[in-house]
Amino acid sequence: MKKLQLLLTLLGAMGGAYAAEFNQVQADKSTLTFAYKQMGVPLEGKFRKFGAQLAFDPARINAAQARLEADIASIDTGSSEGNDEVVGKLWFNTKIYPVAQFVSTGVKALGGNRYEVLGKLTIKGRSLDVSAPFTFRQEGSVGVFDGAFVLKRLDYAIGEGLWADVGTVANEVRIVFHIVTNAVSPIKK
Amino acid sequence: MNPSTRYTTTAMALHWLTALFIFTTFPLGVYMHELALSPLKLQLVSYHKWLGVTIFLLTVARLAWRATHVPPPLPETIPLWQQRAAHGLHFLLYVLLLTIPLTGWLMSSAKGFPVVYLGLVQLPDLVGKDKVLGDLLAEVHEMLNFGLLALVGMHIAAALKHHFIEHDDTLRRMLPSGKRVES
């Protein structure tokens, strides 16, 4: 068993002929959630609808790409009162900006199964560079990406006017993604 | 007034602090409930929860005091049935001062908003997020509060009646100073 693993590692290192590209996102198994604090109270929310396209081959991370679009109106902040509020003008203004988008510009290997994705995050018409560390776990033909990063909501004008007070709703929002993909071998294509 | 016929300073402090906090927390609860979502509402809801936890803690301290002290007796001039009614009322007040914060805490958990006391200490969620349970607990919390309102009204009316109509020492037992009413 150990020898087989060694062999596979060697083959992987030899240029990826046997590696697979993970590019079939399993939307029903993937989640996009966020965590924030309100009056010091830790709360969680999620986006019920989001789409992701990605191509990731651990042997060729220079070619890795990811694109993620969240349907803002599908947000669940934890309460219906909150959900009604955040689609409004002061928060996400979903009538004009219905989608939040992340487009990768590159992926860095951090060692082991740890990586970092860099890219542009666009929310409410504002685009900013972000980076998010993530882990990649491969189980057979299934590849699982788990990562998180913290954004400051005021950088994107999420919560303007009276809501700009970060003493009540904290500025930091932790975005957590869990994306399950299936591999399609590039050879089979 | 003989000190042994008055509550101790500790007992008085706990009683009057509880009174102060009830008269803050109750109207705050009614007011914030009607507000549209805003930072102010979120702040007031938090303060309401912190006050509720404080009342619970004060009540636990008062029960500890009761367990280790004998309260000053009611004036002998009060008929036995009234004394019993007073004790029954006090018992019910203690029950509500414990169960109202408890239902508030459980309601918070069921609604998915944990209580973080003073923004520092997070209370555990004894129940998971459950909208139906949350709405039910909100009803119970409100109902118990209107029960508390009625009982506090009776408590105050009785104290004032004894003080101003009967001219006895019932209320003075809970007052920090003041001379004995000579009757």
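Structure data summary
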quantity: Lone qualifier among B:Thr54, B:Thr18, B:Thr25 - being touching a Lys or Arg at 6+ places or on another chain (Cβ under 8 Å), β-branched (Val, Ile, Thr) and closer than 26 Å to B:Ser108 by Cα; calculated: B:Thr18
quantity: Residue pairs meeting the criteria (Cβ under 7 Å; at least 6 apart or on separate chains; first modelled with pLDDT under 95, in region B:71-92; second of a type in the set (Ser, Thr, Tyr) and not in a helix (DSSP H, G or I)); calculated: B:Pro71/B:Tyr7; B:Pro72/B:Tyr7; B:Leu74/B:Thr170; B:Pro75/B:Thr170
quantity: Residue satisfying condition, being farther than 28 Å from B:Lys131 by Cβ and not charged (D, E, K, R), within set A:Ser79, A:Ser104; calculated: A:Ser104
quantity: Single residue of region B:18-70 satisfying the filter (in contact (Cβ under 8 Å) with a residue 40 or more places away in the chain and aromatic (Phe, Trp, Tyr)) that is nearest to the other protein chains (Cβ to nearest Cβ); calculated: B:Trp50
quantity: Within region A:38-71, considering residues that are touching a residue at least 40 places away in the same chain (Cβ under 8 Å) and part of a loop (DSSP other than H, G, I, E, B), the one farthest from A:Leu118 (Cα to Cα); calculated: A:Met39
quantity: Answer residue from region A:91-128, given it is among the small types (Gly, Ala, Ser) and assigned to a strand (DSSP E or B) and is surrounded by the fewest Cβ atoms within 10 Å (Cβ to Cβ) among those; calculated: A:Gly111
quantity: Matching residues, region A:44-68, being under 17 Å from A:Gln24 (Cβ atoms) and surrounded by 18 or more Cβ atoms within 10 Å (Cβ to Cβ); calculated: A:Phe50, A:Ala52, A:Leu54, A:Ala55, A:Phe56, A:Asp57, A:Pro58, A:Ala64, A:Ala66, A:Leu68
quantity: Region A:23-65, residues that are polar (S, T, N, Q) and away from chain B (no Cβ under 13 Å); calculated: A:Asn23, A:Gln24, A:Gln26, A:Ser30, A:Thr31, A:Thr33, A:Gln53, A:Asn62, A:Gln65
quantity: Extreme residue, nearest to the other protein chains (Cβ to nearest Cβ), among residues of region B:121-131 that are in a loop (DSSP other than H, G, I, E, B) and farther than 19 Å from B:Leu44 by Cα; calculated: B:Lys129
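Okay, residues lined up against (1) free of Cβ contacts under 8 Å to residues at least 40 places away in the same chain; (2) assigned to a helix (DSSP H, G or I):
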{"site": "B:Leu96", "(1), (2)": "no, yes"}
{"site": "B:Leu102", "(1), (2)": "no, yes"}
{"site": "B:Gly119", "(1), (2)": "no, no"}
{"site": "B:Leu133", "(1), (2)": "yes, yes"}
{"site": "B:Leu151", "(1), (2)": "no, yes"}
{"site": "B:Phe164", "(1), (2)": "yes, yes"}
{"site": "B:Arg173", "(1), (2)": "no, yes"}
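The values are calculated or read from the model by the stated rules, or taken from the named source; none is laboratory data. These numbers come from a predicted model, not from an experiment. Cβ coordinates were reconstructed from backbone atoms using ideal geometry, including for glycine residues, and neighbour counts include every protein chain displayed.
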